[in-house]
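Let me begin by presenting the structure, written as structure tokens, before commenting on it.
The values are calculated or read from the model by the stated rules, or taken from the named source; none is laboratory data. No experiment lies behind these values; they were computed from the predicted model shown. Note that we place each Cβ from the backbone using ideal geometry, even for glycine, and neighbour counts take in every protein chain shown. Quick note on the areas: whole protein, heavy atoms, side chains included, nothing else; ligands and nucleic acids left out. Shrake-Rupley method; radii C 1.70, N 1.55, O 1.52, S 1.80 Å.
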Amino acid sequence: MGLKIEGVGIYLPKKRLTNFDLEKMVDTSDEWITTRTGIKERRIAEDETTSYMAYRSALSAIERSGISKEDIDGIIVATLSPEKQFPSTACLVQEKLGLKDIFAFDLSAACSGFLYGLEVAWSMISAGRAKRILLIGSEKISGIVDWKDRSTCVLFGDGAASVILTNDESNSDILASKIYSDGSLWELLYAPLCGYINMKGRELFKVAVRSMEEACRYVLDKAGLSPEDVDLVIPHQANIRIINSLAEKLNIPEEKIYTNIHKYGNTSAASIPIALYEALEEGRLKRGDIVLLTAMGGGLTWGATLLRF
Ligand code: UT7
């Protein structure tokens, strides 16, 4: 009995903010942002809230999985930009879906939130505590960046993606997974309550490459596989240079690395499931493929999941 991703859905705000738009807002340039990060544009939520984007992505995942929403036993929303102090964004999504008698909670692990969520959902499903979980990454980061701070405002974007997770008799499974944290490094990336994102980018960059490499090597080793066995790597989309360094360290060719950072920037907990959706849509991913997911973010938190899709 394994873990299957039955359906993936996304919601992206319509408003695009390009690097050229940002040139008019702060002292930056398309050239700087493109060469240092790989980002060309990002989506910005206007009247869309974190729970609304989460809900819309959930509807799309439910439709694509062919299940009925009543088949869902619980909702987990990974986010660093929750809609309210409380209740959880997950409870607001539950209300929008009109579901009763299920559990719903948020998970705070910043950009690693989706991988943390997978680990939690997998544990609950394997332990028989739930049959089917709706896992969502939803972010409205535009609401917590200082639009006068060029060192952070150019990096992030808004959006949401959902997956429906269940166990079944198919070949799909998590082959190995590991999540990590190091609270002693929290000051490298954080936002105070009701405040803006603070980031020590240069230090974070080095930790990001090192920690994701460690996590990837761990899960590959645990599963008895080598980097050549991987069909597709879907890394958290924070910086194209981080992704390229990681690929180089793992010796995985570019064509096996999925990137869409140029379109969306860093969407934190939504970044991996948005990329998963697009990889599927583009035919880059099919059932049975070996997929390596990895992320690193505030906490610091990081991890990797190796799955047979
Ligand atoms: O998702 C969670 C994980 N996130 C990450 O892992 C992010 C990791 N860090 C990074 O991606 C990169 O460090 C950044 C993209 C944040 C920054 O790139 P960098 O190459 O490390 O630049 P830097 O911070 O060393 O800054 C280089 C220069 C500085 O000017 P001086 O001091 O050399 O004169 C900055 O003031 O670039 C300047 N700068 C900018 N210039 C134009 C910083 N931001 C901008 C900007 N436009 N937007």
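Some points to look at:
- Here's the list of aspartates and glutamates a cross-link from LYS15 could span, going by alpha-carbon distance under 16 Å and ignoring same-chain residues fewer than 8 apart: GLU41, GLU46, ASP47, GLU48, GLU139, ASP158.
- Across every pair of non-identical alpha carbons in the chain, the mean reciprocal distance, once inverted, gives a Kirkwood radius of 19.1 Å.
- Coarse-grained scattering of region 109-199 at q = 0.17, 0.18, 0.20, 0.25 Å⁻¹, given as base-10 log I(q)/I(0) from a Debye sum over alpha-carbon atoms: -0.86, -0.92, -1.02, -1.29
- Globularity index of region 231-309, i.e. its alpha-carbon radius of gyration over 2.2 N^0.38 Å: 1.02
- Rounded to 5, the percent of DSSP beta bridges in region 2-168 classed as antiparallel: 65 percent
- Packing-based ranking of 260-272, 37-49 yields 260-272, 37-49, ordered from highest to lowest mean Cβ neighbour count within 10 Å.
- log₁₀ of I(q)/I(0) at q = 0.08, 0.11, 0.15 Å⁻¹ - region 2-168, Debye sum with one point per alpha carbon: -0.26, -0.48, -0.79
- Remark: spin-label model distance GLU228-ALA127 equals 4.0 nm, labels positioned 7 Å along the Cα→Cβ axis.
- Region 54-122, relative contact order [Cα under 8 Å, separation at least 6], %: 35 percent
- Over region 2-168, accessible surface divided per residue gives 41 Å², non-protein components excluded, 1.4 Å probe.
- Global form of region 1-59, assessed from the alpha-carbon gyration tensor, a/c cut-off 1.5: oblate
- Summing charges over neighbours of SER123, with a neighbour being any other residue whose Cβ is under 15 Å away from its Cβ, gives +1 when K and R count +1 and D and E count -1.
- The distance between label points at TRP147 and GLU187 comes to 3.1 nm (points 7 Å beyond Cα on the Cα→Cβ vector).
- Counting Lys and Arg as +1 and Asp and Glu as -1 over every other residue whose Cβ lies under 15 Å from the Cβ of GLY157, the net charge comes to +1.
- Split the accessible area of the chain by element, probe 1.4 Å, and carbon with sulfur accounts for 48%.
- Straight Cα distances below 22 angstrom link LYS96 to the lysines LYS14, LYS69, LYS84, LYS131, LYS140, with same-chain residues fewer than 8 positions distant left out.
- Relative contact order (%) - the chain, alpha-carbon pairs under 8 angstrom, separation at least six: 26 percent
- For region 194-216 versus region 1-60, the gap between their alpha-carbon centres in whole angstrom: 20 Å
- Residues in region 173-308 average 44 Å² of solvent-accessible surface per residue, probe 1.4 Å, ligands and nucleic acids excluded.
- Cα-Cα separations in region 173-308 greater than 23 Å, expressed as whole percent: 30 percent
- Listed residue (ILE39, SER126, LEU175) projecting farthest to the positive dipole end of the chain, Cβ model: ILE39
- Restricting attention to the chain, close to 70% of DSSP beta bridges with both partner residues there are antiparallel.
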